[in-house]
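Take a look at the structure set out below.
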Amino acid sequence: MFAHFQQETAGLVYQEEILQSPYCADWSDWIKKSYPCKSGKMYYGRGAKQLSWNYNYGAFSNAMFGDPDILLEDPELVATTWLNFASAMWFFVTPQPPKPSMLQVIDGSWKPNGADSAANLQSGFGATTLIINGDLECGENRTNPTGADNRATYYNDYAGRLGVDITGENLLCSDSGPFSSEGSAGKASLYWGPNTGCSLVTWQTAYSALVEGDYARCNGEEPTCIPDSQQTTSPSLPSSTSVSTTTVSRSTPSVPASTSKLTVSIATLRILTLVQLVWTAFSSGAS
């Protein structure tokens, strides 16, 4: 991630994209309905990874707050608050079929199939660049011919400083094709389909199986989740002071273990923002 931070923000100098434009996706009806662009707001790159596009702001907002509109209405918060690093970590751990998550590519849980191999897709740092900015920096027709090389240079530098052996790892993506629906990540069922009775589907919808409450939302209900602290009533707690709980209105179908282990919690993302402290200390010591 440090290498990508360096490329995206010049070492966290630029928390907002220099060449700013609306980044309002309107080519899909479900995106326009689920993540509508707000009047006067632009969704250009912000934060450590430069979160871009209304659908990413909306999905990240839903994962963090259970409400896409919070960051669609106030996208500036991604650059000015702790969401700066949280947005980067959310993108890092969240698969977006047909693309796997960057974490899956790095930790080896993503297993290329025949279609992936035919596109010369393999685990390693190069694939993370393809996930972030593949249209511009990867493949034969890339319009930014130096972007991926810069990222690989930064990655080599940080790996050396941290004593990480990256011998043999594929660092570039110049000869890689795009992730496709026939690839292993493209076949992962990670979304609830509103047009299929809210069963799990392989294509992207506004309802993620990785976000608590989205199954209820898919069914047109308000999610009523019981906090972990209230799941079991303590035997020593007097009945007069016991806390009442709200029954979950609809039980969520079980998600395959390979999918459920990817679930992102708000608490986890907040903890991961400690990376900011690591980055700050590391950069100060290196300067």
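Please go through the stretch 49-147 and write out the GluC sites (Glu not before Pro) that DSSP classes as loop and that have at most 15 other C-beta atoms within 10 Å. Walk me through the numbers on the way to the answer.
Values: sites: GLU73, GLU76, GLU137, GLU140; in loops: GLU76, GLU140.
Those that pass, being in a loop and sparsely packed, are GLU76, GLU140.
Please give the length that would be gained between SER189 and THR202 if that part of the chain were fully extended, namely 0.36 nm times their separation in residues minus their C-alpha to C-alpha distance (nm, one decimal).
Numbers: separation 13, 0.36 × 13 = 4.68 nm, distance 0.42 nm.
Value of the extension gain: 4.3 nm.
Among LYS38/LYS187; LYS32/LYS187; LYS33/LYS99; LYS41/LYS187, which pairs are too far apart, with a Cα-Cα distance over 27 Å? Working shown, then result.
Details: LYS38/LYS187 33 Å; LYS32/LYS187 25 Å; LYS33/LYS99 23 Å; LYS41/LYS187 34 Å.
From the list (LYS38/LYS187; LYS32/LYS187; LYS33/LYS99; LYS41/LYS187), the Cα-Cα distance tops 27 Å for LYS38/LYS187; LYS41/LYS187.
Please compute the length gained on full extension between GLU182 and ALA10, using 0.36 nm multiplied by the number of residues separating them and subtracting their Cα-Cα distance.
On the way: separation 172, 0.36 × 172 = 61.92 nm, distance 3.55 nm.
Additional length available on full extension: 58.4 nm.
In nanometres, what is the gap between the two model label sites at THR80 and ALA118, each 7 Å from Cα along Cα-to-Cβ?
If labels sit at THR80 and ALA118, their model points lie 5.0 nm apart.
Once you have a ≥ b ≥ c as the square roots of the Cα gyration tensor eigenvalues for the stretch 96-201, tell me rounded if a/c is under 1.5, and otherwise prolate or oblate according to whether a/b is larger than b/c. Write down the numbers at each step before the final one.
Details: a/c = 2.26, a/b = 1.74, b/c = 1.30.
Prolate is the answer for the stretch 96-201, as a/c is 1.5 or above and a/b outweighs b/c.
Given a Förster radius of 45 Å and the C-beta distance between ASP165 and TRP30 as r, what FRET efficiency does 1/(1 + (r/R0)^6) yield to the nearest 0.05?
Working: r = 44 Å, r/R0 = 0.98.
According to the calculation, E is roughly 0.55.
Using the basic label-point model (7 angstrom from Cα toward the beta carbon), what is the GLU73 to LEU19 distance in nanometres?
3.3 nm
Every read-out reported here was derived from the displayed coordinates using simple, explicitly stated rules and does not represent laboratory data. All values derive from a computational prediction rather than experimental measurement. Backbone-built Cβ (ideal geometry, glycine too); neighbour counts: all protein chains shown.
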